[in-house]
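**Q** My questions will all concern the structure given below.
The values are calculated or read from the model by the stated rules, or taken from the named source; none is laboratory data. A quick note: this is a predicted structure, and the numbers were derived from the prediction, not measured. Cβ atoms come from the backbone with ideal geometry, glycine included; neighbour counts cover every protein chain shown. Surface areas here come from the heavy atoms of the whole protein model, side chains and all, with no ligands, DNA or RNA. Shrake-Rupley method; radii C 1.70, N 1.55, O 1.52, S 1.80 Å.
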Amino acid sequence: MAVDRAIPRAALLWVLAVMVLIVLPHLNHLPLWVMLLSAMAICWRWLIFLGRAAYPGKLVRAMLLSAVSIVAFVQFRGQGMGMDVTVSLLVCGVALKLLEMRYKSDIYIVNTLGFLTLMSVFLYTQTMLISLYSLCVIALILASLVSLNREVSGEQPSVWHLRNIKLSGMLMLQALPLMLVLFIFFPRIAPLWSVPLPGNVTQTGVSDEMTPGDITQLARSANIAFRASFDGASPLPQDMYWRGVVLDRFDGQTWRRSEGRWLRPNELQTPPGDAPALDYNIVLEPTYQTWLYGINVPRVRQPGVGMDTYNTLITARPLTQRLRYDVRSFPGMVTERALSDRARERALQLPDDLNPRTRALAAELRSQYADDQALVLAALRRFRTQGYAYTLTPPAMSDNSIDDFLFDSQQGFCGHYAGAAVFLLRAAGVPARMVVGYQGAEYNRFDDYLIVYQYNAHAWIEVWLDGQGWQHFDPTAWVAPDRIEQGATELYRQSLANQQEGGLALALSSVDWLNTLRLRFDALEYAWNLRVLGYNESAQLDFLRDLFGEQRMAWLPAIVVLILLALLTGLAMLLLVRGRPPTDPLARELNRFFRNMAGKGVARDRGEAPGRYFRRLATLYPQQANDIRQCEATLDHALYGSSEPLSRDQLLQFRVQLRRLVRNYRQMPGNSGTKG
């Protein structure tokens, strides 16, 4: 192996450390066998470094490649070349490349693949922490490349490594201005990570079908659903009903959603001119669903977002990445003053031959109350007066689940109460449906916004009343008003304490200083989402209009080109200046003397040492031999006789001697420049 092609041992340490850091962020979303293969390859390469293992032969490499291909085919069969498949194969390729890495050129390939593998992390998450982590890993990849081109040269290993990191940091700082200009001015296009995720990805949050236990599971999750920021004052906690999707089909156990028709803009009901409105924006986490959330009645003007016949905000595609959208809601607006026969039929649908006791109760209520609104209030009043309890751990129920809940257990979560209320009202002939979404929020005082968690998931009902349209009622408010007025945070804490799980989350929300630290960090994450990840095409246009003005927007392409040219020119000049070989004062004086003598016809030969040139001059001009030998002696002393550079006085004396030789050149015989 040629020495100049061999991998320096210190540089190999950088490469292995970088590969560990590149693979770590993929632990949460790639198959376990991919992680095990990567760990095996890194450990094997480390043993090769220590001299305890040999490079795998062709047969072993062929077997590894075949095994990876077979396992990948079995794992991802039927998925096509989706994102998980591509990223998994990329990680496997980098891992296998480590085992055949012998030369410097191999390290360049591995580091290049490392950049690509690190970029693939952003296909799954773009949080502030993962971005900072990636910047640190990029610095280490650059340090790895630097280490390939720097010899240790007697330095302490720690000093050598620190110099590599310092140089990689300088490279990143030099690229920072160009990065900022491109981020601010380069036209916003759909990023690579906007491609749809595989179809079998786990959906999060509220679903389009629900059994009562589903929301109970969400109530134990502290994952963030979305964040909301109001232009003015926020609504009271009891008014924060974040409407999601309507469930109106029931099979006896599960409530399901009926697909609504996407309304055209001219079909949307126009709010009254004096209707009170709430203006706010929402940053929604990926749900892999096709609906959004907002306070009733929401209106959104954003490409790709519309409303269906159930007053649900819907999107054309599942939400695979974080979305920011502006909402205007009209809480007091009445929708659908007339109910079609088909809609009434859907709102009265019930499975046959189930829950006979509930049907009997509905007939009794109907005989007592001819007015629908009075019947609804009487049914809800029953939850408050008949000893019902609100709990996260209700007992199991039979096929007649509504009967079991209303007459036997009388314990349940919001899904139990909403489902039982809808069934009871439908059995009494009152059109009703279930709505699922979120209720309440946590206020973050550090950036004046609200945080809605998965444990805020909630279910309530809408009832059709003649002349009033669909009206909102919440059965949970009748049995557990504290859940609505104070929010779900306290219930979440109790759930964690009762089940002795989620200790960290419980500590963060219970200890004041930890809770403050948590909210401050979340405020940073929210700012990151709004100002960096939310810097889309519309945000860019708004910013540039504010920066340049509407009239100068036509000149924007030329301005961007000029800024880029200025940055590139400055960077090129910086590299040229820094790329010049360093010269000390002695070398500058010698170069000036050589140039002057060459101009007079006594040029220095290519490769001729300075001492030999002086001796040749002394032979050509014996009259000035003493001055020439004195210059040569000064030069020899400076180069070989002392480790210290010439003093200021010595350098000045040397400059005078050289200039005297040039000045006396005309007095020298044979000044035609003939060489001996």
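**Q** When you go through THR335, THR358, THR315, THR320 one by one, which is the residue that is farther than 30 Å from PHE230 by Cβ and either out of contact with any Phe, Trp or Tyr (no Cβ under 7 Å at 6 or more places or on another chain) or of a type in the set (Val, Ile, Thr) (or both)?
**A** THR358
**Q** I'd like to check which helices (runs of 4 or more DSSP H) are fully inside the stretch 334-439 and have at least 1 residues that are touching a residue at least 60 places away in the same chain (Cβ under 8 Å) and among the polar types (S, T, N, Q). Please lay out each step first, then the result.
**A** Working: elements: 341-347, 356-368, 372-385, 414-427.
Correct list: 356-368, 372-385.
**Q** If you don't mind, there's one more thing I want to ask. Does the stretch 16-48 hold any residues that are more than 34 Å from the chain's Cα centre (by Cα) and within 14 Å of GLU100 (Cβ to Cβ), and which are they?
**A** Step one: of the stretch 16-48, the residues more than 34 Å from the chain's Cα centre (by Cα) are 47-48.
Scanning the stretch 16-48 gives a single hit, ILE48.
**Q** Looking only at residues in the stretch 62-78 that are open to solvent by 70 Å² or more (accessible area, probe 1.4 Å) and out of contact with any Phe, Trp or Tyr (no Cβ under 9 Å at 6 or more places or on another chain), which one is nearest to ILE109 (Cα to Cα)?
**A** Residue satisfying both the conditions and the ranking: LEU65.
**Q** Select from the stretch 242-292 the residues that are of a type in the set (Lys, Arg) and assigned to a strand (DSSP E or B) and write down the one among them that is least open to solvent (accessible area, probe 1.4 Å).
**A** Within the stretch 242-292, the match that is least open to solvent (accessible area, probe 1.4 Å) is ARG243.
**Q** Checking ARG301 against (1) open to solvent by 50 Å² or more (accessible area, probe 1.4 Å); (2) in a strand (DSSP E or B); (3) basic (Lys, Arg), which test does it fail?
**A** Here ARG301 clears every test but (2).
**Q** Of the conditions (1) at pLDDT below 80; (2) exposed (fewer than 11 other Cβ atoms within 10 Å of the Cβ), ASN626 fails just one. Which one is it?
**A** If we test ASN626 against (1) at pLDDT below 80; (2) exposed (fewer than 11 other Cβ atoms within 10 Å of the Cβ), just (1) comes out false.
**Q** Could you tell me which residue of the stretch 640-673 is modelled with the lowest pLDDT, considering only residues that are within 18 Å of PHE594 (Cβ to Cβ) and open to solvent by 60 Å² or more (accessible area, probe 1.4 Å)?
**A** Among those that are within 18 Å of PHE594 (Cβ to Cβ) and open to solvent by 60 Å² or more (accessible area, probe 1.4 Å), it is ASN671.
**Q** Further question on the same structure: Being polar (S, T, N, Q), more than 21 Å from LEU47 (Cα to Cα) and modelled with pLDDT of 90 or more, is that true of even one residue in the stretch 105-119?
**A** For the stretch 105-119, residues polar (S, T, N, Q), more than 21 Å from LEU47 (Cα to Cα) and modelled with pLDDT of 90 or more: present.
**Q** While we're looking at this one, here's another question. Within the stretch 115-145, how many residues are polar (S, T, N, Q), more than 22 Å from LEU167 (Cα to Cα) and under 12 Å from the mean Cα position of the chain (by Cα)?
**A** Residues that pass the stated criteria total 4.
**Q** Can I ask one more? Given the criteria open to solvent by 60 Å² or more (accessible area, probe 1.4 Å) and either among the aliphatic types (A, V, I, L, M) or touching a residue at least 40 places away in the same chain (Cβ under 8 Å) (or both), does LEU24 qualify? It would help to see each step written out before you state the result.
**A** On the way: open to solvent by 60 Å² or more (accessible area, probe 1.4 Å): yes; either among the aliphatic types (A, V, I, L, M) or touching a residue at least 40 places away in the same chain (Cβ under 8 Å) (or both): yes.
Spelling it out, LEU24 is indeed open to solvent by 60 Å² or more (accessible area, probe 1.4 Å) and either among the aliphatic types (A, V, I, L, M) or touching a residue at least 40 places away in the same chain (Cβ under 8 Å) (or both).
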